[in-house]
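Visitor: Pasting a structure below so you can have a look.
The values are calculated or read from the model by the stated rules, or taken from the named source; none is laboratory data. What you see is a predicted model; the values in this text were computed from it and never measured. Cβ sites come from the backbone with ideal geometry, for glycine too, and all protein chains shown count toward neighbours.
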């Protein structure tokens, strides 16, 4: 959506500035039972990092759905299908032992973190939770959820960036709009999770909104969002 409507996040959340991102990132925590994946191991991989993460993510989904045995061929095929939606993805001939080690460690960290959130909340993890659509915006799905906490996974060597927080805010906004129509519940908390670095940030959306939306209420944000989306749709129909 951010690609379709350039600047929409800047209009809705203009105070999500670098200084705010730095402040939020200082609140990052780690899971005691996890360890960061060594950069030395990652530098030795023979597979594209984004593809390798998709493989680890697919394995995590299998594990969360109760599949005990590792099926890396299936994980590779799932990863290729997902990456092909956005890139000209190519399937590696095979995963080296080091590739498998990195994917395994990343997946184990992710599974351990998700189990931690389950235990903490008392709710079961939901894989690919529904994200409602709005007007011409199609519905989609998030990464994971537990209770009313939306969990988005990022697997990079960098700290969380403004795009990551904006994604959480847009997903919250769509849930808020859907909740007013009785379609779904509103997300109350958002979590950014990086299993590669073993870092996560959990923040209440009320707090994130208060530091990013120049004092607008939730309804005011939604009204502005509806106006922007409707205006963009009108321009498309004219073109």
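Visitor: Kindly indicate the residue of region 194-224 that is in contact (Cβ under 8 Å) with a residue 40 or more places away in the chain and part of a helix (DSSP H, G or I) and also farthest from residue 135 (Cα to Cα) among those meeting that condition. Give the derivation first.
Guide: Residues of region 194-224 in contact (Cβ under 8 Å) with a residue 40 or more places away in the chain: 194-203, 208-209, 211-214, 218, 221-222, 224.
Pick out the ones that are also part of a helix (DSSP H, G or I) and you get 208-209, 218, 221-222, 224.
Working: 208: 25, 209: 23, 218: 18, 221: 16, 222: 13, 224: 14 Å.
Going through the qualifying residues, I end up with 208.
Yes or no, residue by residue, for (1) under 24 Å from residue 11 (Cα atoms); (2) touching a strand residue (DSSP E or B) at 6+ places or on another chain (Cβ under 6 Å); (3) assigned to a loop (DSSP other than H, G, I, E, B):
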| site | (1), (2), (3) |
| --- | --- |
| 160 | yes, yes, yes |
| 164 | yes, yes, no |
| 168 | yes, yes, no |
| 172 | yes, no, no |
| 179 | yes, no, no |
| 182 | no, no, yes |
| 185 | no, no, yes |
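Visitor: Going through region 15-49 one residue at a time, which ones are more than 13 Å from residue 102 (Cβ to Cβ) and either part of a helix (DSSP H, G or I) or modelled with pLDDT under 90 (or both)?
Guide: 18, 19, 20, 21, 22, 23, 24, 25
Visitor: For the subset of region 221-235 comprising residues that are under 23 Å from residue 178 (Cβ atoms) and surrounded by fewer than 13 Cβ atoms within 10 Å (Cβ to Cβ), which member is modelled with the lowest pLDDT? Spell out the reasoning first.
Guide: Initial filter on region 221-235 (under 23 Å from residue 178 (Cβ atoms)): 221-234.
Filter once more, so that each one left must be surrounded by fewer than 13 Cβ atoms within 10 Å (Cβ to Cβ): 223, 227, 230-231, 234.
On the way: 223: 96, 227: 93, 230: 87, 231: 81, 234: 63.
Within region 221-235, the match that is modelled with the lowest pLDDT is 234.
Visitor: Here's a follow-up. Looking at (1) modelled with pLDDT under 95; (2) under 13 Å from residue 149 (Cβ atoms), which one does residue 205 not meet, given that it meets all the others?
Guide: Evaluating residue 205 over (1) modelled with pLDDT under 95; (2) under 13 Å from residue 149 (Cβ atoms) leaves (1) as the failure.
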